[in-house]
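Input: a single structure, listed below in structure tokens.
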Amino acid sequence: MNGCFAPKSLKLIHQSTAVIREALKNHNFLTSLQCGHLFASPDSLKCFKKALQLHAHMITCGVLIQNTYLNTKLCAMYAASGNMPAARVIFDGIVLKSSFLWNVMVRGYACNNCSLDSLVFVGERIHGEVVVSGFESDVYVANSLVSMYSKFGQMGIARNLFDRMPQRDLTSWNTMLSGYVKNGYPDVALSLLSLLSVSDVRMDRATLVGVLPACAALGAVKQGKEIHAYILRSSLEFDGFFGKCFD
């Protein structure tokens, strides 16, 4: 990342290293209050190793346990330094997350060219709010969440949400089918189609248009013919698109 530590932050980090060295020399540990005063969130990788030394000492002291303030400081440090995986580990361990902490993570993803990760992160926050608000069982809200995770390529989470839905409509099924096909799981898409065929939900044209590429990808002639037969039985519109699929 571009930029450098502010002079005040740089001075604090140098001081913290000296204080830690002196504390270890005397076989003492710093208190959480002392760590809080010494800790500074960097704006670049400069002196990052010294900041890591402070983190290591904080772990040794045990001051990080259930200390939201210090963990937030750490999270901000890693995010500002571009180490988003480390920032995420600390973030996930914080029980009470402030708006500042959420903003730290979003800004960290955005500033480190992690646009997709940023979207996923924001999406997870929205999902969390949905759960807290008790709207996860609403079919329209659940469909939106399934669609979101499918677009992010997180089909495992999408399927888990889908399976937990107390009620599924055709949009639920079509979203999952389309997600599997677009994310390279044609075999799973066809397996899900089999479940849909024995459910109370009736397939429509969008369902078949969405799943036919899975047949083509797998060379699944039998399944393709079964879909063709379903089209004829259901009197669905059989246009040029379907004809080309079975040529």
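Table for the structure above
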| quantity | calculated |
| --- | --- |
| Residues (of a type in the set (A, V, I, L, M) and either exposed (fewer than 14 other Cβ atoms within 10 Å of the Cβ) or touching a strand residue (DSSP E or B) at 6+ places or on another chain (Cβ under 8 Å) (or both)) located in the range 182-205 | L195, V198 |
| Filter pass, L101 being among the aliphatic types (A, V, I, L, M), within 18 Å of the chain's Cα centre (by Cα) and surrounded by fewer than 16 Cβ atoms within 10 Å (Cβ to Cβ) | no |
| Answer residue from the range 112-121, given it is of a type in the set (A, V, I, L, M, F, W, C) and surrounded by 15 or more Cβ atoms within 10 Å (Cβ to Cβ) and is farthest from the chain's Cα centre (by Cα) among those | C114 |
| Matching residues in the range 101-141 - criterion: being more than 16 Å from V89 (Cβ to Cβ) and touching a residue at least 40 places away in the same chain (Cβ under 8 Å) | C111 |
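Read the figures in this text as sums done on the coordinates, not as results from a lab. Keep in mind it's a predicted model, so treat the numbers as computed, not measured. Glycine also receives a Cβ, built like all others from the backbone with ideal geometry; neighbour counts cover every protein chain displayed.
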